[in-house]
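Scroll down for the structure; my scribbles are underneath it.
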Amino acid sequence: MFPSSWPFGLWSLLLAMTTITSSCASWQNDRQLGFQSCPWPAGQQVREVLKITPLGTEREEAMAKLQKAGIQGSYGANQSIFYCDVWRREDSIWHINVALLFDENNVIYATMPDIDGQMVESPKSAKGKPVMNQNAAEPTQNATSDDPFLQ
């Protein structure tokens, strides 16, 4: 029996089985990677995300760059804040805690926490704040104790 003579139902069944098998393989791969807290403290998480989407990046470009880098998240109610929650890395899946703040022109103007890993009272006050040198000495503490999802 040749594939060209197979009935439509058999092709549908074969397609469904292939889809299910590939979905299961993808899910298994995610389980093997393991979901864990980001090993970097808040300030380092912000600096790493800003390497991908620097301040001044437009929303559409930022979303494309984040997706390409494996960073997932969601918008706040009014779409002015994008919460970066998950970073799918080559060897693991990290929970991160970085919020990108967009201004009225849909441009990233600040992050929460800020570049130093501090929570500011008013993000609008961060607008115009000089960005810390990304090559400066970086903290080496582990952020696990600061991660509310792992407590």
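Observations on the structure shown:
- Pairs where the first residue, in the stretch 64-79, is more than 18 Å from Phe35 (Cα to Cα) and the second is in a loop (DSSP other than H, G, I, E, B), C-beta under 7 Å, 6+ apart: Lys65/Thr53; Leu66/Thr53
- Criterion (hydroxyl-bearing (Ser, Thr, Tyr), modelled with pLDDT of 95 or more and surrounded by fewer than 18 Cβ atoms within 10 Å (Cβ to Cβ)) met by exactly one of Ser74, Ser92: Ser74
Per-residue answers, yes or no, for (1) loosely packed, with under 11 Cβ neighbours inside 10 Å; (2) touching a strand residue (DSSP E or B) at 6+ places or on another chain (Cβ under 9 Å); (3) at pLDDT below 60:
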| site | (1), (2), (3) |
| --- | --- |
| Met17 | yes, no, no |
| Thr21 | yes, no, yes |
| Asn29 | yes, no, yes |
| Ser37 | no, yes, no |
| Arg59 | no, yes, no |
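- Against the conditions (1) part of a strand (DSSP E or B); (2) buried (at least 19 other Cβ atoms within 10 Å of the Cβ); (3) touching a strand residue (DSSP E or B) at 6+ places or on another chain (Cβ under 7 Å), Asn97 satisfies every one except (3).
The values are calculated or read from the model by the stated rules, or taken from the named source; none is laboratory data. No experiment lies behind these values; they were computed from the predicted model shown. Cβ: placed from backbone, ideal geometry, glycine included. Neighbour counts: every protein chain shown.
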